[in-house]
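The values are calculated or read from the model by the stated rules, or taken from the named source; none is laboratory data. Keep in mind the model is a prediction, meaning the values are calculated, not measured. Here the Cβ positions follow ideal geometry from the backbone for every residue, glycine too, while neighbour counts run over all protein chains shown.
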Amino acid sequence: MGLCKSKEKDIIYTTLYNENNNIIYKGYYNNKKNIRIRQGIEYQNSIKYYEGEWKDNMKNGDGVLYRSNGELLKKGQFKNNYLNGFGIEYANNIEIYKGNFKNNIYDGYGKLYHLSGNIKYDGMFKNGILYGEGILYYDNIYTSIFLQGLFINNNIVDGKEYYPNSNLKYKGKFKNGIYNYKDTRLYHINSNIKFEGEINMGEFKQGKLYDDNGIIKYIGSFKNNKYFGYSTLFLGNDKYIGTFNNDLYNGFGELYRNNIMIYKGIFSDGVKQGDGNE
């Protein structure tokens, strides 16, 4: 009992100042070991920086960090001076992240929020970046899903993209956040199919293109997202089968109306060259 009383005598509640007589700490202090313990407030430039629990002169337990202007920065579970475990980060006193921390960095499961208060991301983090399964949201009144799937290094690599009205826009692989897949389906905002085929780094390569009503309009190759090579274009009752360049008929081709060929010959930049077989 005597030993316990002796230890308690070493613990005081005090205020510490630096050589410029600026406050640096107020709280419980072990006067014999010269360490901060239990509960206290740390100051930087006489402004409150941390308020919470201490152990062996380090932030350990529940605590709150503040910005230099007095606004909330982070709060949660601290271990050895860093947020480790569940915590919350703020901007303009608004929650922008809520979830797991590792050494002050987002790591594990968490949620990001827009400054509007709407959810921005719900999923996994690693070393402060999006990494693992997650969902990104539009910042709108519906908080509708934007991207859903597997993220690596802040970019989605496999999953779905949605329009703001929640209709599916794309399903497949991504590379650097861009559509990149051989067997791709892309949709109009009204949910009708828009494209199926191969997309490489966000550009159509080979496949079928559909109009807003889901009616096929083009089958073939693309270059720089424009019609290219030997392909077929449907124009209502008309049809063109032949070579394209830069969206225009170029080279040999055939024109049909109501499935009857009306011209067979050479085109240059969309213009017939000669009478052909008209």
>> I'm trying to understand the selection: among the residues of segment 191-205, which are more than 24 Å from the chain's Cα centre (by Cα), surrounded by fewer than 19 Cβ atoms within 10 Å (Cβ to Cβ) and farther than 18 Å from residue 177 by Cα?
In response: 192, 193, 196
> Would a scan of segment 151-170 turn up a residue that is among the aliphatic types (A, V, I, L, M), in a strand (DSSP E or B) and crowded, with 20+ Cβ neighbours inside 10 Å?
Replying inline: yes
> Name the pairs: first residue in segment 203-224 and outside any strand (DSSP E or B), second residue among the polar types (S, T, N, Q), Cβ to Cβ under 6 Å, at least 6 apart or on different chains?
Replying inline: 214/192
>> I'm trying to understand the selection: among the residues of segment 94-142, which are more than 15 Å from residue 76 (Cα to Cα) and outside any strand (DSSP E or B)?
In response: 114, 115, 116, 117, 118, 127, 128, 138, 139, 140, 141, 142
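Yes/no matrix, rows are residues, columns are (1) among the hydrophobic types (A, V, I, L, M, F, W, C); (2) on the phi > 0 side of the Ramachandran plot:
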| site | (1), (2) |
| --- | --- |
| 156 | yes, no |
| 164 | no, no |
| 188 | no, no |
| 198 | no, no |
| 220 | no, yes |
| 230 | no, no |
>> Scan segment 181-194 and tell me whether some residue there is among the charged types (D, E, K, R), part of a strand (DSSP E or B) and either farther than 27 Å from residue 135 by Cβ or touching a Ser or Thr at 6+ places or on another chain (Cβ under 8 Å) (or both).
In response: no
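Run down 7, 26, 55, 59 and say which single residue is of a type in the set (Lys, Arg), surrounded by fewer than 16 Cβ atoms within 10 Å (Cβ to Cβ), modelled with pLDDT of 90 or more and not assigned by TED's automatic domain parsing to the domain that holds residue 97.
Testing whether each residue is of a type in the set (Lys, Arg), surrounded by fewer than 16 Cβ atoms within 10 Å (Cβ to Cβ), modelled with pLDDT of 90 or more and not assigned by TED's automatic domain parsing to the domain that holds residue 97 leaves just 55.
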> Of the residues that make up segment 54-75, is at least one within 17 Å of the chain's Cα centre (by Cα) and assigned to a strand (DSSP E or B)?
Replying inline: no
